[in-house]
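Here the structure is laid out as structure tokens; the discussion comes afterwards.
The values are calculated or read from the model by the stated rules, or taken from the named source; none is laboratory data. If you're wondering where the values come from, they're calculated on a predicted model, not measured in any experiment. With ideal geometry, Cβ positions are generated from the backbone for all residues, glycine too; neighbour counts draw on all protein chains shown.
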Amino acid sequence: MSISSPPAPLHYEDRDITGILRGVKSIAMVGASANWVRPSNFAMKYLLGKGYKVIPVNPGHAGNEILGQMTYRTIADIPGTIDMVDIFRASEAAGQTVDEVIEIAADKQIKIIWMQLGVRNDDAARRAEATGMTVIMDRCPKIEYGRLFGELGWSGVNSGIITAKRRRMV
Amino acid sequence: MMSDNSDGPWQYGPETKAVHAGSQPDPVTGARNTPIYQTTSYVFDDVDHAADLFNLQTFGFIYSRLTNPTVSVLEERLASLENGRACVAAASGHAAQFLTFFSLLEPGDEFIASKNLYGGSITQFGVSFKRLGWNCNFVDATKPENIRQALTPKTKAIFIEVLANPGGIVLDLEAIAEIAQDAHVPLIVDNTLATPYLLRPIDWGADIVVESTTKFLSGHGTSLGGAVIESGKFDWAADDKFPTMTQPDPAYHGLTFYETFGDFGFTMKTRAVGLRDFGPCLSPANAFYTITGIESLPARMDRHVANAIKVAEFLQIHPKVSWVSYAGLSSSPYHDLAKKYLPKGAGAVFTFGLNGGYEAGIKMVEGVNLFSHLANIGDSRSLILHPASTTHRQLNDEQRQAAGAGEDVIRLSIGLETPDDLIHDLDLALSTL
């Protein structure tokens with residue numbers, strides 16, 4: 001049983017999430033695991049398969065590849081620009097990652113911070129949003145991609161989508 | 001009735017969901033109705049794609065024992081109608097119940113069930129589950145505190161029917177959900193008799209809904225089917241009670257279902273392990289008939305309950321009828337609970353008693369012309385059964401009484417016919433007693 005009552009659930013408009021997933025090309029995945037049964041590895045493999053450039057960030061694995069992608073110690077170490085940072089860390093630790101991102105956001109042209117399912121840090125989100133970045137929390141880009149582009153329903157999940165429009169091919 | 005759309009995204013009403021949820025025009029052909037994907041298996045793009053699918057790293061189809069595009073439409077539609085997160089369909093309601101408990105229980109575990117259940121569930125839980133080491137304690141759940149008193153450290157779930165088959169009894173769902181929450185065990189509700197049109201147990205705190213889609217959902221007596229719907233709100237990791245959800249699963253190369261799939265982890269586990277290893281999958285054809293049936297569920301249920309109340313009111317004042325057990329009647333002790341939980345109607349299945357006992361029961365089922373004498377409920381046609389001479393004949397008198405299937409009991413499932421015709425038919429049969 002939880003000791004304190006949880007904060008109100010977050011709501012994001014489907015069109016905003018769709019816009020992010022359509023616009024983003026490169027994703028730095030903080031906490032990406034080389035262990036293939038870990039959720040981060042699942043999400044990374046899925047997003048790679050959908051054509052995203054996913055760059056793993058994991059100090060313990062830096063210099064080695066995960067799913068064929070070079071792993072970096074920090075986000076700052078990644079060469080070139082990054083559209084989005086996807087954070088697979090505990091909610092509290094995510095705050096530190098967000099501050100790292102804020103520091104290099106202009107340089108790296110980072111526009112979006114995405115915290116994974118179960119990861120939520122409202123204070124950190126406010127700090128990032130104050131610099132003009134978009135923040136998504138407590139969601140998984142793999143699940144959202146599957147939900148909004150019609151694949152998640154294949155597993156019997158309620159996508160919440162009601163439409164008589166022909167489904168896009170993915 | 002207007003949906004409550006005061007804030008947040010637009011919430012579609014149940015009638016719209018019944019027609020649209022889960023189904024979009026086919027991406028390849030534009031087919032508007034859901035095609036029947038009558039196929040066992042699906043080609044892989046390449047070896048890597050196959051590996052991703054088998055590892056559950058991507059969404060897609062492998063083999064129709066696990067997922068099928070027609071069945072998926074039904075699953076999403078039911079998840080949507082029940083306000084749940086996800087759904088897995090099964091070959092029957094019994095299969096759905098088996099899969100649910102397989103995902104929850106280890107040998108030696110216990111669960112608590114209301115004793116007012118469909119008779120088939122009582123046998124499944126009390127006899128067949130026992131052979132698997134799953135122990136069910138039946139309690140009188142019309143007094144919710146009985147459930148609290150029956151809790152033990154081994155209790156892993158609470159199972160009830162809110163509107164109980166064969167009807168007449170309504171349980172205090174909100175009070176029972178609170179007991180389940182205090183004990184941190186999932187509350188499972190069999191919603192077969194009410195359907196998500198009359199009652200959405202998840203809105204009142206239920207964690208898992210199971211149903212036989214064979215009945216009102218498919219609605220026309222064409223197709224067997226079952227479903228498990230999870231709310232997505234149960235925290236499986238709050239304690240160590242549910243290792244099947246929170247520990248690496250040896251049946252799936254060490255995958256941890258709750259951590260990996262979050263609020264639809266129970267559904268993924270039930271599908272990827274339960275359906276895979278035991279195989280009671282729903283056929284695409286039956287899914288198609290059920291999807292088609294659900295499109296008219298709201299309209300049909302309105303008519304079912306309107307007809308049921310008229311028939312119950314007729315029987316209540318008939319001199320050859322000793323009692324009528326229907327929560328839709330104001331004389332029912334469960335009428336207030338029915339008004340709270342089932343404001344659109346207390347279902348269309350109920351029982352009544354004949355003054356003439358066993359012999360009158362036999363004459364009654366043989367004397368009707370329009371009612372079909374058979375062992376099902378939730379058909380478009382009106383159905384009649386004398387449990388003591390059919391479904392419950394193997395039991396002794398005492399067992400029959402306890403099951404609400406005494407010698408004088410007649411069960412009706414009221415269909416969609418002209419209500420005056422149904423009353424006329426019963427009246428003629430009663431006149432011969």
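What the table below lists for this structure:
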{"read-out": "Qualifying residue in segment A:145-160 (condition: within 8 Å of chain B (Cβ to nearest Cβ), outside any helix (DSSP H, G or I) and among the polar types (S, T, N, Q))", "value": "yes"}
{"read-out": "Residues that are touching a helix residue (DSSP H, G or I) at 6+ places or on another chain (Cβ under 9 Å) and part of a helix (DSSP H, G or I), drawn from segment B:15-43", "value": "B:15, B:17, B:18, B:19, B:20"}
{"read-out": "Every residue from segment B:44-75 that is crowded, with 24+ Cβ neighbours inside 10 Å, at the interface with chain A (Cβ under 7 Å from one of its Cβ atoms) and assigned to a helix (DSSP H, G or I)", "value": "B:72, B:75"}
{"read-out": "Verdict on residue A:32 being assigned to a loop (DSSP other than H, G, I, E, B), surrounded by 21 or more Cβ atoms within 10 Å (Cβ to Cβ) and modelled with pLDDT of 95 or more", "value": "yes"}
{"read-out": "Test: residue B:37 is free of Cβ contacts under 8 Å to residues at least 40 places away in the same chain and more than 9 Å from chain A (Cβ to nearest Cβ)", "value": "no"}
{"read-out": "Residue that is nearest to the other protein chains (Cβ to nearest Cβ), among those in segment A:161-170 that are of a type in the set (Lys, Arg) and surrounded by fewer than 17 Cβ atoms within 10 Å (Cβ to Cβ)", "value": "A:166"}
{"read-out": "Qualifying positions in segment B:381-395 - hydrophobic (A, V, I, L, M, F, W, C) and within 21 Å of residue B:304 (Cβ to Cβ)", "value": "B:383, B:384, B:385"}
{"read-out": "Subset tally (residues that are surrounded by fewer than 22 Cβ atoms within 10 Å (Cβ to Cβ) and more than 17 Å from residue B:387 (Cβ to Cβ)) for segment B:346-365", "value": "1"}
{"read-out": "Residue in segment A:83-92 that is assigned to a loop (DSSP other than H, G, I, E, B), more than 14 Å from chain B (Cβ to nearest Cβ) and in contact with a Lys or Arg (Cβ under 6 Å, 6 or more places away or on another chain) present", "value": "yes"}
{"read-out": "Candidate set: segment B:76-92, residues that are within 18 Å of residue B:296 (Cα to Cα), in contact (Cβ under 8 Å) with a residue 60 or more places away in the chain and at the interface with another protein chain (Cβ under 7 Å from one of its Cβ atoms); chosen: the one nearest to the chain's Cα centre (by Cα)", "value": "B:79"}
{"read-out": "Filter result (assigned to a strand (DSSP E or B) and over 16 Å from the mean Cα position of the chain (by Cα)) within segment A:35-82", "value": "A:65, A:66, A:69, A:70, A:72"}
{"read-out": "Some residue of segment B:76-98 being among the basic types (Lys, Arg), buried (at least 21 other Cβ atoms within 10 Å of the Cβ), at pLDDT 95 or above and not in a loop (DSSP other than H, G, I, E, B)", "value": "yes"}
{"read-out": "Selected residue (only one of B:239, B:277 is surrounded by fewer than 24 Cβ atoms within 10 Å (Cβ to Cβ), within 13 Å of another protein chain (Cβ to nearest Cβ) and touching a residue at least 24 places away in the same chain (Cβ under 8 Å))", "value": "B:239"}
{"read-out": "Qualifying positions in segment B:157-178 - of a type in the set (A, V, I, L, M, F, W, C) and either over 16 Å from the mean Cα position of the chain (by Cα) or at positive phi (or both)", "value": "B:157, B:175, B:176, B:177"}
{"read-out": "The listed residue being of a type outside the set (Ser, Thr, Tyr) and at the interface with chain B (Cβ under 10 Å from one of its Cβ atoms), out of A:111, A:142", "value": "A:142"}
{"read-out": "Out of B:259, B:230, sole residue that is within 12 Å of chain A (Cβ to nearest Cβ), charged (D, E, K, R) and touching a residue at least 60 places away in the same chain (Cβ under 8 Å)", "value": "B:230"}
{"read-out": "Residue that is nearest to residue B:14 (Cα to Cα) [pool: residues in segment B:288-306 that are among the aliphatic types (A, V, I, L, M) and surrounded by fewer than 22 Cβ atoms within 10 Å (Cβ to Cβ)]", "value": "B:299"}
{"read-out": "Some residue of segment A:87-98 being surrounded by 19 or more Cβ atoms within 10 Å (Cβ to Cβ) and in contact (Cβ under 8 Å) with a residue 60 or more places away in the chain", "value": "yes"}
